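Since the structure comes first, as structure tokens, the remarks are kept for the end.
The values are calculated or read from the model by the stated rules, or taken from the named source; none is laboratory data. Nothing here was measured: the structure is a model prediction, and the numbers come from that model. Backbone-built Cβ (ideal geometry, glycine too); neighbour counts: all protein chains shown. Calculation scope for accessible area: heavy atoms of the full protein, side chains included, ligands and nucleic acids excluded. Shrake-Rupley method; radii C 1.70, N 1.55, O 1.52, S 1.80 Å.
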Amino acid sequence: MKKVNLKFLIISLLFASCSTKKQAPPGPVPINLFTVKSQQVLYYDEYPANTVALSQVDLRPEVQGYITDIAFKEGSHVTKGQKLYEIDQRLYKDALDQAKANLKVAQGNQEQAQQDADRYKYLDTYDAVAKQVLDHAVIALKNAKNMTAAAEEAVKTAETNLTYSVINAPFSGTIGISQVRLGNMVTVGTTILNTISTDDPMGVDFLISEKQLVHFEMLKKGTQDMIDSLFTIRLPNDSIYNHQGKLTVIDRAVDPQTGTIRLRCEFPNPNLILRPGMSCVTRVHNLETTPQLMAPSRAIVELMGEYFVFVTKDTLVREKEDSTKTHPATIAIQRKVVLGQVIAPNTIIKSGIKEGDKIVVDGVQSLHTGSEVKINAKPASTMQGENGQKGRADSVQNKEAKSEEHKKTND
């Protein structure tokens, strides 16, 4: 048994060595090329954004009590001064009536003190009353006036508490779902009744790099040539919002940790499509007027956070069998590039290549600097439009070849 296994192992090794010797050296990698050209492009710089209400407030009670009325439809638009909630008013009405009664008592005491003071002053002109009695009458009048003033303030406080028992909308906007129901007890400073926010116009906040700040300052001041669709947004369903916005606010300071600063645009919202907290994308129309270098995105290779493309170069390559001999060939050379905006299916190249360079768009996964390549007959720029015709032509040629071969076999 051991002899059989040893024999099998030797045969396997011999077969593997023979197979290795028969493998042909890899030939040139087939590729497609794209000739880089500068062209005028229209595109948008895009920034992740969120919609925000320009004004938003939590409604909290100023007095304690039970909710006796909810006078609005949840999620609806309300107007400034509209009644929203009512808290049990009985205690506050009673307190107001009591304060008014106390005010009348204080006013009566003041009137009496005024009469006494006037009488003693008259008698004092004839030396018919002691000075002490007159002094006490004057002090009593002052105290009566102070009591009246205190009673008047108590009435104002009671009236304010009664007013606070009805919560009205502080401004026009959209109100949310109520956090309390009829009969719930609410307390001062802790209970949140609801939240109301402005809805038209709506703010859209997004972050930009501090390097772009000067550009946006010029846009805000209007010192650059403006276009109608300078600021637009893409909604969460990928549709474009049908109203244009304007840049209204640039935040106070740059975040030193991220190097970004917050900007705010305002967009009309007549149909209340925009709601606070929505995720969207702010699209800023690029005002670049100079032609840009464009390259297919599939030609770009990412490596360790950097981007590269392969350009071709005609040169002489040494023969593998005989290093003293050379032959003309085309090789691929890797170049580092700086990318601009992606405009599917292409990308703007800021630097690294120049107009007229021929870059590899297909087969880049099999390349490295110095790889010998074989250029396909059709250039990449026309492949998409000619693939169908090329495929049909190859099919016809294959059928004709098979037909000729079949005839020769029959003969």
Kindly establish whether LEU274 is under 34 Å from the mean Cα position of the chain (by Cα), at pLDDT 85 or above, surrounded by 14 or more Cβ atoms within 10 Å (Cβ to Cβ) and within 30 Å of VAL41 (Cα to Cα). no
Any chance VAL186 is open to solvent by less than 80 Å² (accessible area, probe 1.4 Å) and within 30 Å of PRO276 (Cβ to Cβ): yes
So ILE359 fits all but one of (1) among the aliphatic types (A, V, I, L, M); (2) touching a helix residue (DSSP H, G or I) at 6+ places or on another chain (Cβ under 9 Å); (3) not in a strand (DSSP E or B); what number is the exception? (3)
Quick check on region 203-217: of everything there that is of a type in the set (A, V, I, L, M, F, W, C) and open to solvent by 70 Å² or more (accessible area, probe 1.4 Å), which residue is farthest from ALA49 (Cα to Cα)? VAL214
Within region 42-81, tally of residues that are part of a loop (DSSP other than H, G, I, E, B) and either buried (at least 16 other Cβ atoms within 10 Å of the Cβ) or of a type in the set (Ser, Thr, Tyr) (or both): 10
Selection status of PHE171, touching a residue at least 40 places away in the same chain (Cβ under 8 Å) and more than 26 Å from ARG60 (Cβ to Cβ): no
Quick test for you: out of ASN102, ASN109, pick the one residue that is touching a residue at least 12 places away in the same chain (Cβ under 8 Å), part of a helix (DSSP H, G or I) and under 60 Å from the mean Cα position of the chain (by Cα). ASN102
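Yes or no, residue by residue, for (1) more than 30 Å from LEU182 (Cα to Cα); (2) surrounded by fewer than 17 Cβ atoms within 10 Å (Cβ to Cβ); (3) not acidic (Asp, Glu):
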site: GLN98; (1), (2), (3): no, yes, yes
site: ALA106; (1), (2), (3): yes, no, yes
site: ASP124; (1), (2), (3): yes, yes, no
site: VAL138; (1), (2), (3): yes, yes, yes
Failed item in (1) farther than 30 Å from GLN244 by Cβ; (2) open to solvent by 50 Å² or more (accessible area, probe 1.4 Å), with GLY352 passing the rest: (2)
Please enumerate the residues belonging to region 365-378 that are at pLDDT 80 or above and touching a helix residue (DSSP H, G or I) at 6+ places or on another chain (Cβ under 7 Å). none
Options VAL338, VAL309; residue that is of a type outside the set (Lys, Arg), assigned to a strand (DSSP E or B), in contact with a helix residue (DSSP H, G or I) (Cβ under 7 Å, 6 or more places away or on another chain) and at pLDDT 80 or above: VAL309
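Please indicate, with yes or no, whether at least one residue in region 317-330 is crowded, with 16+ Cβ neighbours inside 10 Å and under 30 Å from VAL41 (Cα atoms).
No, region 317-330 has no match at all.
Does GLN114 qualify as being open to solvent by less than 90 Å² (accessible area, probe 1.4 Å) and either closer than 16 Å to LEU162 by Cα or modelled with pLDDT of 95 or more (or both)?
Working: open to solvent by less than 90 Å² (accessible area, probe 1.4 Å): yes; either closer than 16 Å to LEU162 by Cα or modelled with pLDDT of 95 or more (or both): no.
Answer is no for this residue.
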Give me the residue from region 332-345 that is within 19 Å of GLY305 (Cα to Cα) and not aliphatic (A, V, I, L, M) and, out of that set, most open to solvent (accessible area, probe 1.4 Å). LYS336
Leading residue by the ranking (nearest to ASN102 (Cα to Cα)) among those in region 126-136 that are in a helix (DSSP H, G or I) and either open to solvent by 80 Å² or more (accessible area, probe 1.4 Å) or in contact with a strand residue (DSSP E or B) (Cβ under 9 Å, 6 or more places away or on another chain) (or both): HIS136
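Does SER239 satisfy the condition of being touching a strand residue (DSSP E or B) at 6+ places or on another chain (Cβ under 7 Å), over 25 Å from THR195 (Cβ atoms) and either at pLDDT 90 or above or open to solvent by less than 60 Å² (accessible area, probe 1.4 Å) (or both)? Spell out the reasoning first.
Working: touching a strand residue (DSSP E or B) at 6+ places or on another chain (Cβ under 7 Å): no; over 25 Å from THR195 (Cβ atoms): yes; either at pLDDT 90 or above or open to solvent by less than 60 Å² (accessible area, probe 1.4 Å) (or both): yes.
Judged against the criteria, SER239 is not a match.
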